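The values are calculated or read from the model by the stated rules, or taken from the named source; none is laboratory data. If you're wondering where the values come from, they're calculated on a predicted model, not measured in any experiment. Every residue, glycine among them, receives a Cβ derived from its backbone with ideal geometry; neighbour counts consider all protein chains shown.
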Amino acid sequence: MTKYFLLTLAAVAFIACGKKPAADAAATATAAADPGKTLYHEKTCATCHGEEGHGDGAVGAALNPKPRNFTDAKWAQGDDLKSVIKTIENGVPGTGMAPFKSAMTPDEIKTVAEYVRKLGGKK
(Lines give C-alpha, C1' and ligand atoms only; values in the text may rest on other atoms or scores of the structure.)
Protein backbone atom coordinates (compact mmCIF):
# COMPACT_ATOMS: atom_id res chain seq x y z
CA MET A 1 0.00 0.00 0.00
CA THR A 2 2.82 2.43 0.85
CA LYS A 3 4.46 1.74 -2.51
CA TYR A 4 1.25 2.70 -4.36
CA PHE A 5 0.83 5.81 -2.23
CA LEU A 6 4.38 6.94 -3.04
CA LEU A 7 3.91 6.23 -6.75
CA THR A 8 0.64 8.19 -6.76
CA LEU A 9 2.25 11.07 -4.86
CA ALA A 10 5.17 11.13 -7.30
CA ALA A 11 2.79 11.12 -10.29
CA VAL A 12 0.75 14.01 -8.86
CA ALA A 13 3.92 16.02 -8.16
CA PHE A 14 5.22 15.34 -11.67
CA ILE A 15 1.96 16.47 -13.28
CA ALA A 16 1.66 19.55 -11.04
CA CYS A 17 5.21 20.65 -11.86
CA GLY A 18 4.45 20.53 -15.56
CA LYS A 19 1.50 22.91 -15.33
CA LYS A 20 2.00 26.63 -15.83
CA PRO A 21 0.34 29.08 -13.49
CA ALA A 22 -2.32 31.31 -15.05
CA ALA A 23 0.03 34.30 -14.98
CA ASP A 24 2.65 32.42 -17.02
CA ALA A 25 0.00 31.37 -19.51
CA ALA A 26 -1.17 34.98 -19.86
CA ALA A 27 2.42 36.17 -20.39
CA THR A 28 2.94 33.51 -23.03
CA ALA A 29 -0.24 34.58 -24.82
CA THR A 30 0.86 38.23 -24.72
CA ALA A 31 4.30 37.34 -26.04
CA ALA A 32 2.76 35.39 -28.90
CA ALA A 33 0.59 38.40 -29.70
CA ASP A 34 3.61 40.73 -29.90
CA PRO A 35 6.85 39.00 -30.86
CA GLY A 36 8.63 42.38 -30.92
CA LYS A 37 7.98 42.84 -27.22
CA THR A 38 9.24 39.33 -26.51
CA LEU A 39 12.46 39.91 -28.45
CA TYR A 40 12.90 43.36 -26.86
CA HIS A 41 13.03 41.66 -23.46
CA GLU A 42 14.86 38.47 -24.50
CA LYS A 43 17.62 40.31 -26.36
CA THR A 44 18.26 42.57 -23.35
CA CYS A 45 17.02 45.83 -24.90
CA ALA A 46 14.97 46.47 -21.75
CA THR A 47 18.06 46.32 -19.51
CA CYS A 48 19.17 49.67 -20.91
CA HIS A 49 16.08 51.16 -22.52
CA GLY A 50 13.67 50.10 -19.76
CA GLU A 51 10.56 47.95 -19.67
CA GLU A 52 8.45 50.57 -21.45
CA GLY A 53 11.23 52.15 -23.51
CA HIS A 54 11.77 55.28 -21.41
CA GLY A 55 15.57 54.87 -21.34
CA ASP A 56 15.40 54.00 -17.64
CA GLY A 57 16.65 50.41 -17.56
CA ALA A 58 18.80 49.22 -14.66
CA VAL A 59 22.00 49.02 -16.73
CA GLY A 60 21.17 52.19 -18.63
CA ALA A 61 21.37 54.24 -15.44
CA ALA A 62 25.15 53.82 -15.46
CA LEU A 63 25.60 54.79 -19.11
CA ASN A 64 26.66 58.18 -20.44
CA PRO A 65 25.06 59.19 -22.70
CA LYS A 66 21.81 57.73 -21.42
CA PRO A 67 19.99 55.18 -23.58
CA ARG A 68 17.37 56.35 -26.07
CA ASN A 69 13.99 57.14 -24.60
CA PHE A 70 11.76 55.77 -27.34
CA THR A 71 8.89 58.02 -26.25
CA ASP A 72 10.89 61.17 -27.18
CA ALA A 73 9.65 62.97 -30.27
CA LYS A 74 13.06 63.13 -31.99
CA TRP A 75 15.59 60.32 -32.22
CA ALA A 76 19.21 61.22 -32.88
CA GLN A 77 19.82 58.31 -35.27
CA GLY A 78 16.48 58.70 -37.08
CA ASP A 79 13.10 57.17 -36.35
CA ASP A 80 12.20 55.65 -39.72
CA LEU A 81 12.31 51.84 -39.87
CA LYS A 82 15.48 51.72 -41.98
CA SER A 83 17.38 53.98 -39.54
CA VAL A 84 16.25 52.01 -36.49
CA ILE A 85 17.27 48.73 -38.13
CA LYS A 86 20.69 50.21 -38.96
CA THR A 87 21.12 51.38 -35.35
CA ILE A 88 20.26 47.95 -33.94
CA GLU A 89 22.52 46.20 -36.45
CA ASN A 90 25.57 48.44 -36.07
CA GLY A 91 25.18 50.10 -32.68
CA VAL A 92 26.20 53.71 -32.09
CA PRO A 93 29.91 54.43 -31.55
CA GLY A 94 30.67 56.43 -28.42
CA THR A 95 27.52 55.22 -26.65
CA GLY A 96 26.39 52.11 -24.84
CA MET A 97 24.40 51.00 -27.89
CA ALA A 98 26.18 47.85 -28.98
CA PRO A 99 25.77 46.24 -32.41
CA PHE A 100 23.34 43.30 -32.46
CA LYS A 101 23.98 42.16 -36.03
CA SER A 102 25.72 39.00 -34.84
CA ALA A 103 23.30 38.37 -31.94
CA MET A 104 20.02 38.61 -33.87
CA THR A 105 18.72 37.51 -37.23
CA PRO A 106 17.66 40.16 -39.75
CA ASP A 107 14.01 39.24 -39.10
CA GLU A 108 14.49 39.61 -35.33
CA ILE A 109 16.14 42.99 -35.81
CA LYS A 110 13.26 44.18 -37.99
CA THR A 111 10.71 42.90 -35.46
CA VAL A 112 12.44 44.72 -32.59
CA ALA A 113 12.77 47.88 -34.70
CA GLU A 114 9.05 47.85 -35.44
CA TYR A 115 8.31 47.35 -31.73
CA VAL A 116 10.51 50.20 -30.48
CA ARG A 117 9.00 52.50 -33.10
CA LYS A 118 5.56 51.64 -31.67
CA LEU A 119 6.84 52.54 -28.20
CA GLY A 120 7.59 55.98 -29.59
CA GLY A 121 4.22 56.29 -31.30
CA LYS A 122 5.79 55.91 -34.74
CA LYS A 123 3.77 54.14 -37.43
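When segment 71-93 is limited to residues that are in a loop (DSSP other than H, G, I, E, B) and closer than 15 Å to residue 111 by Cα, the one that is modelled with the highest pLDDT turns out to be 80.
Set side by side, the residues 66, 20 differ, and just one is more than 15 Å from the chain's Cα centre (by Cα), modelled with pLDDT under 95, surrounded by fewer than 16 Cβ atoms within 10 Å (Cβ to Cβ) and not in a helix (DSSP H, G or I), which is 20. Restricting segment 95-123 to residues that are out of contact with any Gly (no Cβ under 9 Å at 6 or more places or on another chain), assigned to a loop (DSSP other than H, G, I, E, B) and touching a residue at least 12 places away in the same chain (Cβ under 8 Å), the residue that is surrounded by the fewest Cβ atoms within 10 Å (Cβ to Cβ) is 121.
Report whether or not residue 60 is touching a residue at least 60 places away in the same chain (Cβ under 8 Å), in contact with a Ser or Thr (Cβ under 8 Å, 6 or more places away or on another chain) and buried (at least 17 other Cβ atoms within 10 Å of the Cβ). Criteria not met by residue 60.
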